[in-house]
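The values are calculated or read from the model by the stated rules, or taken from the named source; none is laboratory data. This is a predicted model, so every value here is computed, not measured. Positions of Cβ are backbone-derived with ideal geometry, glycine not excepted, and every protein chain shown enters the neighbour counts.
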Amino acid sequence: MIRKPIIVLIVVLLCPCVFSQTVNRSTNIPRNGDIMIRQMLEVFSPGNNGKDVIWDFSSLSQESDSDENIYVEYFIDPEASRLSVADGNVVFRYSDLEDTLQVVGRETTLERICYDVPQTVMTYPFTYGSVISGPYKGHGTYCSRLNIRVAGTILVESDAEGIIITGECDTLYDVMRVRTLRTGSISMHSVADADFSDTSHIKQEIEERFEWYVSGYRYPLYETTTVAYYDNMTMLYDTHSASRISPDCMHLSADPENDSILAHTSRFSCDGQQSSFSDSITPENLDIIRYNVLTDSNTLTLEYDLDKDATLTFIICNKMGMLYVNLREIVKAGLGYKAEFDLSGFIPNDYILYISVNGTVYSEVFKVK
């Protein structure tokens, strides 16, 4: 809730025409030769979804160790003759199908994966409310000694739009947030096991990433990512990261279309004063939920209490990464809440219930008989 609505009125008066952001091919497709530095931030909750959201990032601080910043470069891979990006220690290879951008390969110092069914990561144009979803499959090697198979589901949706208050106390308009949810499985086998017949140990990953696109900028200016890792359905650990790409740290070739958009964009600055928006995105990973999971033949019920207002994400997937439930809710602090999930269409199997509370991850495994 905004305690000082007069500040919002000032913003509206200074920018009477706020248009919805659209991710277009001409203004947002990655390009060969573009170079950026991703500045790592302290982890923060992505905040609310919906329209007219105010993301106050003015209180976010950069990680103290500048060595944690990530160098990002787009280039044409001479081996595969396709656009690729080196993002830190990971290289992604793309396929550009006019209106669709897909990831067809992934490589680190340890593993190399080729996607037989690529990951569709963007379609053009992409506007508020757009959703794309589909399976992916791939194969590769780990440490040049083990064979890998990966499979799962990837979902990309534009779930929010609004404005950003930056750390420099500028206001950025025409902001659209894109959420990417990936639920996947990884199986590793010896080279001798060519048929991948041993399925007793399969690892799982659940990744949730948010990216903030701003009109006039080709690449997202803010990003936050949470990944939970499992070994045969048992949660091992989860990782959190957040970053920003300052326009000063973008080294791009000529980009006249975006330059024209920026030249006609009004910006509001609070001239170094403390932002008065009260719905700021504060970095916190607090244990604010108490819950109990109940199952019967057709229903899974999550009973929970919340100590603070929270954005909750509920995900249900199986051990192979197939996504069954994807639900996000904004819930006020209180007691006696229930979330019920219909299991009548589920085949007998083990499933993961993934719960994210303002970015803090919890997991439960349950069985459908």
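A single member of R177, R218, R149, R209 is without any contact (Cβ under 8 Å) to a residue 40 or more places away in the chain and of a type in the set (D, E, K, R), and it is R209. Of the residues making up the stretch 59-106, those that are under 19 Å from the mean Cα position of the chain (by Cα), part of a strand (DSSP E or B), more than 20 Å from P135 (Cβ to Cβ) and in contact (Cβ under 8 Å) with a residue 40 or more places away in the chain are I70, V72, V85, D87.
With respect to the stated conditions, T109 is surrounded by fewer than 18 Cβ atoms within 10 Å (Cβ to Cβ), assigned to a loop (DSSP other than H, G, I, E, B) and among the hydroxyl-bearing types (S, T, Y). Within the stretch 243-266, restricting attention to residues that are part of a loop (DSSP other than H, G, I, E, B) and loosely packed, with under 12 Cβ neighbours inside 10 Å, the residue that is modelled with the lowest pLDDT is S266. Taking the listed residues N298, N349, the one that is outside the structural domain of S185 (by TED's automatic domain parsing) and either surrounded by 15 or more Cβ atoms within 10 Å (Cβ to Cβ) or within 19 Å of T183 (Cβ to Cβ) (or both) is N349, with no other qualifying.
Only one of the listed residues (L335, L327) is within 17 Å of the chain's Cα centre (by Cα), at pLDDT 95 or above and surrounded by fewer than 19 Cβ atoms within 10 Å (Cβ to Cβ). That residue is L327. Looking only at residues in the stretch 92-139 that are hydrophobic (A, V, I, L, M, F, W, C) and at pLDDT below 95, the one that is farthest from W212 (Cα to Cα) is L110.
Of all the residues in the stretch 284-295, those that are surrounded by 12 or more Cβ atoms within 10 Å (Cβ to Cβ) and under 26 Å from the mean Cα position of the chain (by Cα) number 6.
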